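The values are calculated or read from the model by the stated rules, or taken from the named source; none is laboratory data. No experiment lies behind these values; they were computed from the predicted model shown. Ideal geometry is used to build each Cβ from the backbone, glycine not excepted, and the neighbour counts take in all protein chains shown.
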Amino acid sequence: MSNPTVSYHVIDRWRTPASDYPRASLGTWSISTRRQEPGIYKMQEYGAFYYQPAPIDLTVLMEGDRVWFTDEPRQMYALAEIGLFRAHGNVIVGGLGLGLILSFLRQNPRVISLTTIERAEELRELVWPYVQVGELIIGDFYDVLPCLAREEEGRRVDTIITDFIFGYQTEATWEELQKQREFCKKHYPQALFLEHGYQRRLDAEFVDKAIPPSQFLPREAMYDQVKVVR
């Protein structure tokens with residue numbers, strides 16, 4: 001019996017919008033650089049892998065000792081899937097992070113408006129000046145969303161994207177995601193709910209479709225060729 005065939009992509013250069021952010025700290029929040037060593041890495045639950053033959057520098061957002069977000073390849077693919085292909089219309093984003101989901105949403109011609117809700121005032125200074133797409137509201141998502149629904153009664157919200165509870169490399173349970181979804185649906189029943197928990201229904205074909213349309217991640221920066229390991 002032959003061994004199964006595994007396909008993976010080569011990433012030997014890496015640059016995202018966050019690569020140009022100043023490395024700085026404010027309060028308990030900071031933006032720094034982390035070196036990712038060569039290796040073969042899994043693209044979350046996509047059923048695909050990427051091969052990184054040389055070190056690459058990642059941008060890391062931290063609150064104290066807790067990593068909230070990085071711009072590593074698997075994160076960027078997940079954001080591209082949501083921002084470029086699933087979101088549409090009037091969009092509310094829960095959690096600013098490094099602002100990278102906004103970089104994809106601004107390229108999506110189906111997106112009409114963007115409102116981002118972020119609890120940390122520090123990120124208004126650390127991140128927002130380098131994004132500035134749509135409106136930024138500082139406050140707790142669970143307080144702000146009901147207020148928006150009341151104050152803007154009749155305004156249609158088509159997509160709600162969240163990624164603010166669990167942090168980096170922290171698995172959400174199905175029950176937690178359901179509670180979050182039910183909260184959003186209570187206030188905007190017609191909205192599509194997307195959680196940047198690495199949409200697990202995708203297969204390896206998505207890897208070939210997600211990134212090439214991006215203006216700041218050119219095709220050759222993502223992968224040079226498809227390798228086959230037997």
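Let's see how each residue does on (1) at pLDDT 95 or above; (2) among the aliphatic types (A, V, I, L, M); (3) under 27 Å from residue 26 (Cα atoms):
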site	(1), (2), (3)
84	no, yes, no
95	no, no, yes
114	yes, yes, yes
128	yes, no, yes
132	no, no, yes
137	yes, yes, yes
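Return yes or no: is residue 122 at pLDDT below 95 and not assigned by TED's automatic domain parsing to the domain that holds residue 18?
Values: at pLDDT below 95: no; not assigned by TED's automatic domain parsing to the domain that holds residue 18: yes.
It is false that residue 122 is at pLDDT below 95 and not assigned by TED's automatic domain parsing to the domain that holds residue 18.
In the list 59, 159, which residue meets the criterion of being under 18 Å from the mean Cα position of the chain (by Cα) and within 15 Å of residue 184 (Cα to Cα)? Result: 159 is the single residue among 59, 159 that is under 18 Å from the mean Cα position of the chain (by Cα) and within 15 Å of residue 184 (Cα to Cα).
Pull up region 11-25, narrow it to residues that are of a type in the set (A, V, I, L, M) and surrounded by 15 or more Cβ atoms within 10 Å (Cβ to Cβ), then point me to the one that is nearest to residue 52 (Cα to Cα).
Applying the first criterion (of a type in the set (A, V, I, L, M)) to region 11-25 yields 11, 18, 24.
Of the ones still in play, those that are also surrounded by 15 or more Cβ atoms within 10 Å (Cβ to Cβ) are 11, 18.
Details: 11: 5, 18: 19 Å.
The selected residue is 11.
Give 182, 125, 81 a once-over and let me know the one that is over 14 Å from the mean Cα position of the chain (by Cα) and either under 19 Å from residue 193 (Cα atoms) or in a strand (DSSP E or B) (or both). The unique qualifying residue is 182. Counting the residues of region 166-184 that are at pLDDT below 55 and β-branched (Val, Ile, Thr) gives 1. Restricting attention to region 143-165, the residues that are part of a strand (DSSP E or B) and modelled with pLDDT of 90 or more total 3. Scanning region 39-56 for residues that are touching a residue at least 60 places away in the same chain (Cβ under 8 Å) and part of a strand (DSSP E or B), we see that the one that is farthest from the chain's Cα centre (by Cα) is 51. Within region 185-196, at least one residue is at pLDDT 75 or above, hydroxyl-bearing (Ser, Thr, Tyr) and either in contact with a helix residue (DSSP H, G or I) (Cβ under 8 Å, 6 or more places away or on another chain) or in the same structural domain as residue 87 (by TED's automatic domain parsing) (or both). In the condition set (1) outside the structural domain of residue 18 (by TED's automatic domain parsing); (2) buried (at least 20 other Cβ atoms within 10 Å of the Cβ), residue 86 is compliant with all but (2).
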